[in-house]
């Protein structure tokens, strides 16, 4: 697609992808409210007594929101330079999944009880992920998490190994009488205990079992310090880098614009070209 | 109001707002004891057996405390230069709420069973917030929390999104039979689990449900590190700034005096003018 | 008491207060084993089935340990220069409490069922505090805790205020039917929830109650970061001070000797005079 | 054994101990999959309904895995220069324990119900420890844990002393009626509470008991900060050292090769001699 896009397309693009103009702000606010309303409706629908009383209200609201999201989806496809890239992107799939459930339920309208359809309808909860678009701001936070992800994975993997070994041990000691009916259940219990959740649906009753349970708890209480230490250190070093006078502009003022061509986001304010593909950006 | 306040007003102001004089200290101690006694009385009153036995004692004590707080409230209004500003301030509202419940219960004395009245009487527990006046010391602590508030909010928001998605998933998998009667309840369960509280009133029973529950727990165990890391880093940088030799007096000796004119607190010792409005301070 | 103490007193003092000699080491090991054995015995005695089977064994063992600790107590009094100071010190009281319960039970032998006597016998568990003598090593740890104690107290106090307010709110919303029978119970539940313990003996059942419970949990999950951040920062700064090249000997090699005169401990190795009172130390 | 080893031995050694060649990578992948499959099978076997349906499948799979691990074990012994050192090493014992249970069950085939045999079969879960070989990468992580191990031990020891004292107190206050049947059980409950696990199988019912329980929880909530602070500080200082420009090569590129002679691992890339015994390494 050339840069000579029609005028209305440029305007629509600005409304959808930029929050600087008045229309863009309004679009963002309406979308935000629609997302939250939609998720609240799905949640309320799942309450049987509520669903029976306000079935029609829920159905109509759902249709309004579905149509709204459909328009948004189409508008995004039309205004973006590379529609296929958008459609196959994370947000593209989320935006599609936000609309189709209701249409499918229309096709298979009579067979309401189908479990697959029920699951499909619940897919609408994933609309909450549309909110993630508005969470992208805290760069330092996400970069610190990304930097420590590998170490935390190793840590969680080690925790899992611990849980398998201790779970088997507890299965051997407590046995099915205390609720430790199989190794997977025992491992589940061990995870519940080590992470200090402690439901209490399964609890050791033999003295040796309680002794090992106490060991697991103290272990869990002690090693929670490890991931915390990792993120703390990582985050401190990231903050320090930010304050480093030799790299003064680590956190640039970004805007919510996204590149028409490659959909890259987080451009710095007043940037004239996409940092990713070099495409000229709207100003 | 001019600075030529009557002598007794100045004295009263000193007693209420300053802890340096003997009378001021005595006032503080009596107020502190009254607050704690009052909250303890409200708590004891809620124990039915206790209320039945010592009803008269509780009633009389409550009246004594109410009168005491009323006197305090009026004294504060009289001695402060801008009474309206005090009345509409946080502490002004708390001080008012500490006194009115008993008076209202006097007016509607006969209709004791009214739910609204019961709620009103419990309002007295908010008297505990009067204690917040004495907690203002740790500046570094609150400033560190304020600095990391935005990031922790983003984090908690992300946690909520996670809980909504996992909650819906668990509702789909476990269903009403295991206690996951609706999506809101499932989301509630998910929050209980992810925050490692784990009541156990609702617990997954199917293998897939337990597997996902284990995932949620390990997730919760791993990501608790994130807010901790944020506050740690923020707090470390705040402490470092404090120890920075180029800004040697970051933490000044403050006194408990508050400006007569604008109610600003935390003046540095021996300050002669309010840092906020320039009003002359008592010395 | 002059420095011309009899020879056996000097020897005994060395055995008890120093771990450098062979006899001193043996004394320490025997004492450690006696403490642990004693606490284990008290714990086993509380198991009814065990007590019935091995009553005589427990009784005799208890007598042996009591005599042992009595000898230790008397030896400490005799060898120390200022016995009164030792007797009124923390360890002096612990050492006394470790011996008297059995003697008192001898006097009131017949009236075994007395609740007071039962409590007295359980006092023996405090013998575990004798172990604290051997924990004194990690100076940095305790100094970091001491430094952040004030801030953590403020934090915990704020948590308590939160719990009282939320507890009253839950009492109002849930009421006695859900187990929130009084404000103290509700506050207890709130502490259980905010600290992420979550017993589940009391759990909210109304939707509003569960909503507020979720709020409390997320709050508890978020603010755990605060004390952790405080200790982290405090500890980091303490560690940094230790590594500071301008104060290279911050952590001196200490010995377990204690001053004969003033009972001060943690003298540096090869010190010839007590750092506290100037009394000459044994070498 | 001289350096003139036969050619096939060198090749086999490369396949087993080095992941650089194609054959070595394939060996690693097969081993990894075999370990995971094996542990999953042990877990599935423990589910009674699954075991009854797929008994033959489980038995045959187990034999295949056992034979595979036996071949691996023998191959490791043959290719290593000092077989005895390998056999008595941590991984040597794990590798042996991974194979023998099935053989022993063959010998005592008839007497399947034996509890000892059942325990032996569960030993196969320890095969998961074979995975630890692949976790060795994160040096900084393990060195930080090692550095703070002593301090965390002191901390956990102090926690244990607290639990014994509070446990005894709760036993005295609550008694057998509330489930605090003996001191060990009370101490177990105290550990459950202090570590914020909170099963709820035992919960205080008396007001004083609940008050002390609240104290324990707030204590547990407050002191979790201590180990976290320790690891954080330790980890930060380790990371700093790594970034220190004066010691630029603290983390060398290591390879997965292990010395033929002494089994030492973590050699730096392109090292020509074992850093431990001086033996020439394969290049």
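Within the bounds of the range B:101-112, is there any residue that is within 21 Å of the chain's Cα centre (by Cα), closer than 16 Å to residue C:183 by Cβ, assigned by TED's automatic domain parsing to the domain that holds residue B:32 and buried (at least 18 other Cβ atoms within 10 Å of the Cβ)? Scanning the range B:101-112 turns up at least one residue that is within 21 Å of the chain's Cα centre (by Cα), closer than 16 Å to residue C:183 by Cβ, assigned by TED's automatic domain parsing to the domain that holds residue B:32 and buried (at least 18 other Cβ atoms within 10 Å of the Cβ). In the range B:1-17, the residues that are farther than 18 Å from residue B:28 by Cα form Cβ pairs under 7 Å with partners that are modelled with pLDDT under 80, at six or more places apart or across chains, as follows: B:3/B:280. Quick check on residue B:222: is it more than 8 Å from chain C (Cβ to nearest Cβ) and within 17 Å of residue C:225 (Cα to Cα)? Yes: the conditions hold for residue B:222. Residue-level check: of (1) modelled with pLDDT of 85 or more; (2) facing chain C (nearest Cβ under 9 Å); (3) surrounded by fewer than 17 Cβ atoms within 10 Å (Cβ to Cβ), residue B:240 misses just (1). If you go through the range C:93-113 and pick out every residue that is in contact with a helix residue (DSSP H, G or I) (Cβ under 9 Å, 6 or more places away or on another chain) and at pLDDT below 70, you end up with 2. Taking every residue in the range C:153-174 that is on the phi > 0 side of the Ramachandran plot and facing chain B (nearest Cβ under 8 Å) and pairing it with any residue that is at pLDDT 90 or above and assigned to a helix (DSSP H, G or I), at least 6 positions away or on another chain, yields no pair with a Cβ-Cβ distance below 6 Å.
Just one of the listed residues (D:168, D:228) is crowded, with 18+ Cβ neighbours inside 10 Å and more than 18 Å from residue A:207 (Cα to Cα), and it is D:228. The single condition from (1) crowded, with 18+ Cβ neighbours inside 10 Å; (2) modelled with pLDDT of 80 or more that residue B:144 fails is (2). For the range C:9-23, the criterion of being outside any helix (DSSP H, G or I) and at pLDDT 90 or above is met by none of the residues. Residues in the range B:16-34 include none that are in contact with a helix residue (DSSP H, G or I) (Cβ under 7 Å, 6 or more places away or on another chain), buried (at least 16 other Cβ atoms within 10 Å of the Cβ) and within 21 Å of residue C:181 (Cα to Cα). Being assigned to a helix (DSSP H, G or I), within 30 Å of residue B:173 (Cα to Cα), more than 14 Å from chain B (Cβ to nearest Cβ) and touching a residue at least 12 places away in the same chain (Cβ under 8 Å) is a property that residue A:66 has. Identify the residue in the range B:189-218 that is more than 14 Å from chain C (Cβ to nearest Cβ) and part of a loop (DSSP other than H, G, I, E, B) and, among all such residues, is surrounded by the fewest Cβ atoms within 10 Å (Cβ to Cβ). Residue satisfying both the conditions and the ranking: B:205.
Scanning the range B:31-59 for residues that are free of Cβ contacts under 8 Å to residues at least 24 places away in the same chain, more than 14 Å from chain C (Cβ to nearest Cβ) and within 27 Å of the chain's Cα centre (by Cα) yields B:33, B:59. Please go through the range C:175-185 and pick out each residue that is buried (at least 21 other Cβ atoms within 10 Å of the Cβ) and more than 8 Å from every other protein chain (Cβ to nearest Cβ). Of everything in the range C:175-185, just one residue is buried (at least 21 other Cβ atoms within 10 Å of the Cβ) and more than 8 Å from every other protein chain (Cβ to nearest Cβ), namely C:180.
Per this entry, residue A:99 is not counted among residues that are over 26 Å from residue B:175 (Cα atoms) and away from chain B (no Cβ under 14 Å).
For the range C:260-272, indicate whether the set of residues that are within 14 Å of another protein chain (Cβ to nearest Cβ) and at pLDDT 55 or above is non-empty. Looking for residues that are within 14 Å of another protein chain (Cβ to nearest Cβ) and at pLDDT 55 or above, one finds none in the range C:260-272, hence no. Every listed requirement among (1) more than 30 Å from residue A:35 (Cα to Cα); (2) touching a helix residue (DSSP H, G or I) at 6+ places or on another chain (Cβ under 7 Å); (3) in a helix (DSSP H, G or I) is met by residue A:150 save one, (2).
Could you check the range D:172-181 and list, in sequence order, the residues that are touching a helix residue (DSSP H, G or I) at 6+ places or on another chain (Cβ under 7 Å) and under 16 Å from residue A:207 (Cα atoms)? Listed by number, the list holds a single entry, D:180.
The values are calculated or read from the model by the stated rules, or taken from the named source; none is laboratory data. Predicted model only: the values in this text are computed from it and were never measured. Cβ atoms come from the backbone with ideal geometry, glycine included; neighbour counts cover every protein chain shown.
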